[in-house]
Amino acid sequence: MADHAYVTLATNDSYAKGALVLGSSLQKNTSKKLVVLITPQVSESMRRVLDKVYDVVRVVDVLDSEDSAHLALMERPELGVTLTKLHCWTLTEYTKCVFMDADTVVLQNIDDLFEREELSAAPDPGWPDCFNSGVFVYRPSIETHNQLLQLATDQGSFDGGDQGLLNSFFSTWATKDIHKHLPFIYNLSSISIYSYLPAFKAFGADAKVVHFLGKVKPWNYTYDGKTRTVKGDAHDQILTHPEFLNLWWDIYTSRILPLLTEHGVVKDVATGLKALSGLVCSLAYSCRFCKEEEVTEAVSQMSIGAAEAAPPPPPSVSSEERRERWEQGQVDYMGADSYENIKKKLDAYLQ
Ligand code: UDP
Ligand code: MN
């Protein structure tokens, strides 16, 4: 149906790579419309490639908008990416959509999701009474969008991201209607592979969607094009079952890299294979996993110097300190960490 769409989001060229792999996997498995929301930080050449894979590439700029999203961002600058994700509710040309994180890949047709109601999602592997917001069925509505922004402004998000906010908003998900619980195979988190290996061995073959949840994304790994395997160190648990990671890279090298080369996003295939470091992730977004590390760090600092008051911040800080502060959620959105400065850094980095 024309009024159904799969929707994703990419706020920079790294996540755009994820969106391209996801889009390509959707193209193979559905004939529904594919929509990607992007922000102005995504490069022109990357947009042209996204155009090849997606039916609609829509630029959303929360900073520029004069609506309630902008106001919410002024109140809660830490929710930048989250508020951008909430823009998916404004796609009212569709009656029903499935949102998918840019770090997911579709392995089979999942159009039966459109028979589900808002808000349908799979349990989060870390806290199964919360749903994971990497894959969810929703109904675009300006009213819902505004209510979500209101909640964001009033309360913020308990995990600092969209998942906390959405779980607070759709708070009866855990108990009210089992039809809104998607089977786990619609959002199989890569971390569940090692946290419950026997279940993965029993049911993993039925997976419909894989989600590379967590700090390190597929595009952060190094891939050996000759052996067609992902490299990592021995402690990398995800590599105990690298099938899905290799699958991501398979799609990336066979279907995406040629497009990126053709449109000048990467100079040649060899350069394209060089993985980006985690810098982009930590610069642009604090994910739940980063937050967990913060908590551990805060606790260990507390036990060392519980009685000491925190020293006042120095007037100007080194880039290392700035990055540390960013990771602790102290973002100087109007100054050093403004979108303009981040974009400059990313541009320089990507070149
Ligand atoms: N995202 C983005 N830019 C960012 C961070 C996140 O575009 O800097 C989007 C992207 O679609 C991503 C989603 O928001 O998949 C949720 O973030 P992420 O997947 O990193 O969170 P996790 O699933 O690891 O909790
Ligand atoms: Mn994700």
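Expected output is a single nm value to one decimal: the length gained when fully extending between Asp129 and Glu75, i.e. 0.36 nm times separation in residues minus the C-alpha distance. What is it?
The span from Asp129 to Glu75 would gain 16.6 nm if fully extended.
State, in angstrom, two size descriptors of segment 57-189 derived from its alpha carbons: Rg to one decimal place and Dmax to the nearest whole number.
14.5, 41
Taking 0.36 nm per residue of separation and subtracting the Cα-Cα distance, what length does fully extending Ala174 through Ala205 add?
Computed gain between Ala174 and Ala205 is 8.5 nm.
Hey, can you rank 17-30, 252-265, 192-205, 130-143 by average C-beta count inside 10 Å, highest first?
17-30, 130-143, 252-265, 192-205
FRET efficiency for Glu262 and Ser65, Cβ-Cβ distance as r, R0 = 45 Å, nearest 0.05?
Plugging the Cβ-Cβ distance into 1/(1 + (r/R0)^6) gives 0.85.
Taking Cα centroids, how far is segment 242-265 from segment 129-200 in Å?
Each part's Cα centre sits 29 Å from the other's.
Using R₀ = 51 Å, calculate the FRET efficiency as 1/(1 + (r/R₀)^6) where r is the Cβ-Cβ separation of Lys231 and Gln150; round to 0.05.
It comes out at approximately 0.65.
Residues in segment 172-193 near a label at Gln108, defined as backbone nitrogen under 20 Å from the 7 Å Cα→Cβ point?
179-193
Among the listed pairs Lys96/Lys176; Lys85/Lys180; Lys52/Lys217; Lys176/Lys201, which have their C-alpha atoms separated by more than 27 angstrom in this model? Walk me through the intermediate numbers first.
Details: Lys96/Lys176 21 Å; Lys85/Lys180 20 Å; Lys52/Lys217 23 Å; Lys176/Lys201 31 Å.
Going by Cα-Cα distance, Lys176/Lys201 fall outside the 27 Å limit.
Got a sec to turn the phi values of segment 24-40 into Karplus ³J(HN,Hα) couplings, 6.51 cos²θ - 1.76 cosθ + 1.60 with θ = phi - 60°, whole Hz, x for Gly and Pro?
5, 5, 5, 3, 6, 10, 8, 10, 6, 5, 10, 10, 10, 8, 10, 10, x
Throughout, read-outs are computed from the coordinates displayed, never taken from laboratory work. This one's a predicted model, so the numbers in the text were calculated from it and none came from an experiment. Every residue, glycine as well, gets a Cβ built from its backbone with ideal geometry; the counts of neighbours run over all protein chains shown.
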